[in-house]
Structure formats: structure tokens, C-alpha cells
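Here is the structure we will look at.
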Amino acid sequence: MLYRSTRGKCNDYTFEEAVMTGLASDGGLFIPETIPTLPENVLQDWKNLSFTDLSFEILSRFIDPTEIPAEDLRKIIKASYSTFSNDEVTPLVQINKDMDLWILELFHGPTFAFKDVALQFLGNLFEFFLKRRNANRKSSSDPVHKLTIVGATSGDTGSAAIYGLRGKENVSVFILHPDNRVSPIQKAQMTTVLDDNIHNVAIKGTFDNCQDTVKELFGIEEFRTKYSLGAINSINWARILAQIVYYFHAYFALVKSGKSDPKVVFFTPTGNFGDILAGYYACRLGLPVQKLVVSTNDNDILDRFFKTGRYEKGAAGVVETPSPAMDILVSSNFERLLWYLAYECETDPSDSRSQVEQAGAQVSKWMEDLKTRSSIAVNPKSLEKAKSIFASGTTNQEQTYSAIKSHYDIIPDESKTKYLIDPHTAVGVHLAYTLHDEISSLINSEKFTSVCLSTAHPAKFVEAVTSSLASVSPKFDHNEILPPQFVGILDREQRCTVLPNSTQAGTFCSHCSITILFDLAEL
Ligand SMILES: *Cc1c(COP(=O)(O)O)cnc(C)c1O
């Protein structure tokens, strides 16, 4: 299996190249050159597989065995999910029987957010590739292959990347977060990791300033090669790939619960479109899914797209919400879906260029227009195609809070379980109720199973949860839900360097202070 760029200028990348470089040299995102065809009986044959065996079956179809031999891939997968605290890795829990509503718990990894599913795997992949490159050096005097990971985080990505890469040989990690703008728990999750290869940097600015600094660093070619910069952000193909597995796993969990042919609708809390894009690939691989519901907070660019076919930045900029991991202006992974829409619905058979070339050119044009005009529109055929798989909706702050309260502040009965969801999960859960009838008519079926992806443990977002439950009696005490790993975390030793925000006012020197850090780390 080889990979190509969504912008059409480069193709035939190996999986290793796609993973290690993150972004294609024409600025596009890597996609597989073909979607593998699964054997006919997978729905029967795979239904009793463990999470790791299922992961192997799916991932091995996207990674050529000449690149990672089967036994090595099995080992990498096994190591990646041995850090999860639940035997099922991503268990499925029913919280409302009448509604046939289930929660897919994706937060049993080391940092209690769904990003662990991908970043535990990505960390082990980096380690595997580096080890092999170093073992293949012609002479021991050749320079050692190293990787310097630089990433910006608004909270969850940072800790998940740090836990995926701590202690890994020849990998140094620099994670930039906005000073005093991540929750105290999120900060402590990152800064209490004291491994030598982990460097936390608090920038006196916003998340966007952090991201701009990272982009600047990657933009300096000389600098990028000197330090072998690598990226862990959500556009890395390996992250999407690892996430495909839990859509299959959830489907099989329903089958095992007694549903022989479940009609499943997934509600996925969405920011950068990485999580739900994995669901799209699951559908393309043949998983029978009725709808994937793009669930957004007030940063609703995607919901507006699926209603109008126009992908348009909001005039107000990024809005702050109780679900900060989804506070985005544009969704970086959406470019991958756009490529498939362009390929299938926007090409011209009389054009002398191949369909692939036309699709790449179309995506390049869209991305350019998005930059210059803040808005693009797909043709009606593309929109129709997108809507054959996706539905969408938006949940505001008040609805987020009330979704949290309405599942916690209840007397459990035969149908309902008392359950505490986090504010990101709440965005999807709210829509599972409000869009139920609309989806029924879209899929021509009164009965279906709603699976809401739970992207974080509620203890990570104590403030939002406590606000939602302000009026419950007896009074909600967040200590009840604190996982043992979080107890006392705020008092533990922390290590972090605070740097000025030098991306301000167009000056171009932020990389200087970062370079000093690199020097200190003796890279
Ligand atoms: C990252 C994140 C999301 C958004 O996922 P995308 O792949 O960016 O759409 C949702 N919830 C939580 C808790 C997250 O950390």
C-alpha cells in the first residue's frame, strides 16, 4: 500500500514516509492510494476478535508487510494497548435502553482522552522506525537517526503525545501550550512527566500563537532538517488509521450483545475531523453504518457545511465553549474528505488529465480559495454524496450542560443508567436525542442504535462538569470521580519553561527562544 497527497503533486510514498513526515511536500495530507477490499465474511469472521487482533487485521491492510513485518506490527499494536486500563480497550456501555443509546468509552488510556488510542500507537511506530534506521547505518560513525517532535496543544493532544513518547530512545519532545490557558489538571498531566526527553513550554499567549510558532519552525527548511522535526498533530495518517478500529469494535460489541444485524448511527464529537474521518474509512471498508453524525459545538463550520455545501470560516473567529478540544475555526482533516468528494463528484471525463490528477488540482484550488476568500463551495452532487454517509448538528453551552445533568441527576430504572459524561461527549449525546426523529426518516427506520463516542473522562473537565451539576442534591463532589492517577497530581513536581510570545506583531524570532531550548536539551 502506498500513499498520495490530497493536493495531487506527490504520490507513491511509503507508509513510513507518510508517518515520519506527517505532511506531504506540496502541503497536502496523505491518503492511501486505494481503499483495501476486505474479505467477504469479515462481519462473521472478525466478530469475536480482541481489540488488538482486530487492530492487526485492519492496520495490516494499510501497511505493506515489506515495510512492517506481521510479527512486528502485532508487537507494536500489543504494546500500544497494554497501557489501557480496560480489557476491552474501548468498551461499549448502554445508558438508555428505551432509546437504545450507548456510550463508546474511548478514555481508558494513560491520559484519559481518546487521543491515546492513536498516540500510543504512533509513539511505538516512531520508535520502531528509528530503531530500524539506526540498525541499518552502514558504519557506527554515521550520525544516529533522531527525531524532534514539536507540537502545540490546547490541552489533550499534548499529554497524549507526551505519554506516547516519554522515555523513547532518540526522540525529543517539545510541547507548547498557552500559559495559564489550559486547565490545571491538563497542565499537570503534561508537566509532571519528568523523563529527560520531555520538554514542556508555556508560551505567554494563546493556542494560536503556539500553533504559529510550531508552523514557523516547520517552515524553516534548514532548521527542519537539522533537527529532524516530526509532527504528532491530528493530520498524521497513523492517527486516523488507528482510530478506524474502534468503529468496528463497537459494531461487534453490539452483535455480541445480541443484535444480529445492528443498524448503527455514530455520534462523534468533532473538532479537527480526525475521529469521525476514521469512521468514514470504516464505512468505506464495508462496515455497515447508517449515519455518522458530525457533532459540533458553537464552532460549527462543519455542521454548516453539511447543511449548505459551503465550507466557510465563521466571522466571529474561534468561540470559547465548555468543550475546548473542539474549539476550531477550520478542521484540518476535512481536506481528506474533500479529496474523496472531488474524486467522485467533481471530475470531468472529457478532461485529458486523470481523475486522480483532477481531484488533486481541485483540492489545491479549494485550499487556496479557503485561504484567500475564507470560503469554498462544493457542487450539489458532492454535497449529496457527503450526506449519504454524514449527518450533522450543533450543541450549544446550555445544551451541553443539560445533557451532562440529565444523565447524572436521575433515579436509575430499568431503562436508564446513572452516568456522568464529559462536556465533549455531551455534544454528541445531546444530538442523539434531538436528531433522533430526523435520522429515523433519513434512514427509513424507526428503530436504530445510537452510539455516542466518549472522547474524554469527565474528571479532565471538572469545571464544566461541576457547573452542569451546580443544582443537584446531594451536592456533587468531583473527588468521587477522580481516577487514582489524578489524586494529588496538582502537588507533584512539575517541569516547564515559560517563554514570551514572540510571534506577536509579525516579528519573526520566536524560533530563537525555542532554539535556545533545543541547545539546552543538547540536541
Ligand atoms: C481532540 C478531541 C476531540 C476532537 O476530535 P477531532 O479528531 O479533532 O475531531 C473531541 N473531544 C476530545 C476530548 C478531544 O480531545
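The values are calculated or read from the model by the stated rules, or taken from the named source; none is laboratory data. Since we're looking at a predicted model, the values are computed, not measured. Positions of Cβ are generated from backbone atoms using ideal geometry, with glycine treated the same way; all protein chains shown enter the neighbour counts. These accessible areas exclude ligands, DNA and RNA; they are computed on the full protein's heavy atoms, side chains included. Shrake-Rupley method; radii C 1.70, N 1.55, O 1.52, S 1.80 Å.
Filtering the range 424-440 to residues that are more than 25 Å from residue 461 (Cβ to Cβ) and open to solvent by 80 Å² or more (accessible area, probe 1.4 Å) leaves 437, 438. When the range 243-269 is examined, which residues are found to be part of a helix (DSSP H, G or I), away from the ligand (no atom under 12 Å from the Cβ) and not hydroxyl-bearing (Ser, Thr, Tyr)? 244, 245, 248, 249, 250, 252, 253, 254, 255, 256, listed by residue number.
Residues that are in contact (Cβ under 8 Å) with a residue 40 or more places away in the chain and within 16 Å of the ligand (Cβ to nearest atom) occur in the range 211-218; there is at least one.
On inspection, residue 466 passes the criterion of being modelled with pLDDT of 95 or more, surrounded by 10 or more Cβ atoms within 10 Å (Cβ to Cβ) and under 27 Å from the mean Cα position of the chain (by Cα).
Filtered by the rule that a residue be open to solvent by 40 Å² or more (accessible area, probe 1.4 Å) and more than 16 Å from residue 232 (Cβ to Cβ), the range 196-219 gives 196, 204, 206, 208, 212, 219.
Within the range 271-286, residues that are among the β-branched types (Val, Ile, Thr) sit with their Cβ atoms under 7 Å from residues that are in a loop (DSSP other than H, G, I, E, B), at 6+ positions apart or across chains, in these pairs: 276/270.
In this structure, does residue 444 turn out to be on the phi > 0 side of the Ramachandran plot, away from the ligand (no atom under 16 Å from the Cβ) and modelled with pLDDT of 90 or more? Yes; evaluated as a whole, the condition is true for this residue. Determine if the range 238-247 includes at least one residue that is surrounded by 24 or more Cβ atoms within 10 Å (Cβ to Cβ) and of a type in the set (Ser, Thr, Tyr). Checking the range 238-247: at least one residue is surrounded by 24 or more Cβ atoms within 10 Å (Cβ to Cβ) and of a type in the set (Ser, Thr, Tyr). Listed conditions (1) under 19 Å from the mean Cα position of the chain (by Cα); (2) of a type in the set (S, T, N, Q); (3) part of a helix (DSSP H, G or I) are all met by residue 225, apart from (1).
Tell me the strands (runs of 3 or more DSSP E) entirely within the range 83-182 that contain at least 3 residues that are open to solvent by less than 10 Å² (accessible area, probe 1.4 Å) and in contact (Cβ under 8 Å) with a residue 12 or more places away in the chain.
Working: elements: 92-96, 101-105, 147-152, 171-178.
Once the strands (runs of 3 or more DSSP E) in the range 83-182 are filtered for at least 3 residues that are open to solvent by less than 10 Å² (accessible area, probe 1.4 Å) and in contact (Cβ under 8 Å) with a residue 12 or more places away in the chain, what remains is 101-105, 147-152, 171-178.
Every condition in (1) farther than 28 Å from residue 492 by Cα; (2) away from the ligand (no atom under 16 Å from the Cβ) is met by residue 231 except one, and the failing one is (2). Considering the conditions (1) under 24 Å from residue 212 (Cα atoms); (2) within 16 Å of the ligand (Cβ to nearest atom), residue 112 is excluded by exactly one of them, (1).
State all residues of the range 188-212 that are assigned to a helix (DSSP H, G or I), under 18 Å from residue 499 (Cβ atoms) and either among the aliphatic types (A, V, I, L, M) or touching a His at 6+ places or on another chain (Cβ under 7 Å) (or both); if no residue qualifies, say none. Scanning the range 188-212 gives 190, 210.
Residues that are closer than 20 Å to residue 264 by Cβ and either of a type in the set (A, V, I, L, M, F, W, C) or within 14 Å of the ligand (Cβ to nearest atom) (or both) were ranked within the range 390-423; the one that is surrounded by the most Cβ atoms within 10 Å (Cβ to Cβ) is 421. Could you please let me know if residue 372 is within 13 Å of the ligand (Cβ to nearest atom), within 27 Å of residue 207 (Cα to Cα) and among the β-branched types (Val, Ile, Thr)? No, not satisfied.
Tell me, yes or no, whether the range 30-48 has at least one residue that is assigned to a helix (DSSP H, G or I) and among the polar types (S, T, N, Q). Looking for residues that are assigned to a helix (DSSP H, G or I) and among the polar types (S, T, N, Q), one finds at least one in the range 30-48, hence yes. Of the residues 223, 218, 207, the single one that is in contact with a helix residue (DSSP H, G or I) (Cβ under 7 Å, 6 or more places away or on another chain) and under 26 Å from residue 275 (Cα atoms) is 218.
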